[in-house]
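What follows is a short report on a single structure.
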Amino acid sequence: MRSLLYLCTALGVIALAAWAYRENHMTQQAMNTQSALEREIAALNEALSIQRAEWAYLNRPDRLRELVDLNFERLKLVPITGMHFGEIGQVAYPMPAARSDVFDTIELSGEIEQLSAFAEEVLP
């Protein structure tokens, strides 16, 4: 009886050791994946900061002013002033659409008359 108990205990310890090894292996894989993702995020953040710096460099006002001066004949760009804006009275609002519901009512009344005449002929 004792040998059966020792055997069951040994099998239980072996099963628990195998489970612990598997869990440890899966945890290490998850940690490696996490560190790889963190490295990728850091690289993307660095690339994004470089692109933001390049964008700020390209959008310097003095550089853009020089480009406007160089391409004035082709683009005809001028600084915006108050004269470039209109007044509210100059806005062309669209005209209201013609009301078609009046015409629909007239057409429907003609159809109703035809239906009532047909009903009088068919029904006694």
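Structure summary
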item	result
Label-point separation, Thr9 to Glu38 (7 Å along Cα→Cβ), nm	4.2
Spin-label model distance (nm) - Ala53 vs Thr81, 7 Å beyond Cα toward Cβ	4.0
In Å², nearest 10: area of Ser3 left accessible to a 1.4 Å probe	90
Fully extended contour minus Cα-Cα distance, from Leu70 to Ala17, at 0.36 nm per residue	11.5 nm
Selection from Ala36, Ala53, Tyr21, by position along the positive dipole direction of segment 1-54 (Cβ)	Tyr21
Principal semi-axes in Å for segment 22-77 [√(5λ), Cα gyration tensor, largest first]	50, 9, 4
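The values are calculated or read from the model by the stated rules, or taken from the named source; none is laboratory data. Bear in mind that the values here come from a model prediction, so they are computed numbers and not experimental data. All Cβ positions, glycine included, derive from the backbone under ideal geometry; neighbour counts span all protein chains shown. All accessible areas refer to the heavy atoms of the entire protein, side chains included, with ligands and DNA or RNA removed. Shrake-Rupley method; radii C 1.70, N 1.55, O 1.52, S 1.80 Å.
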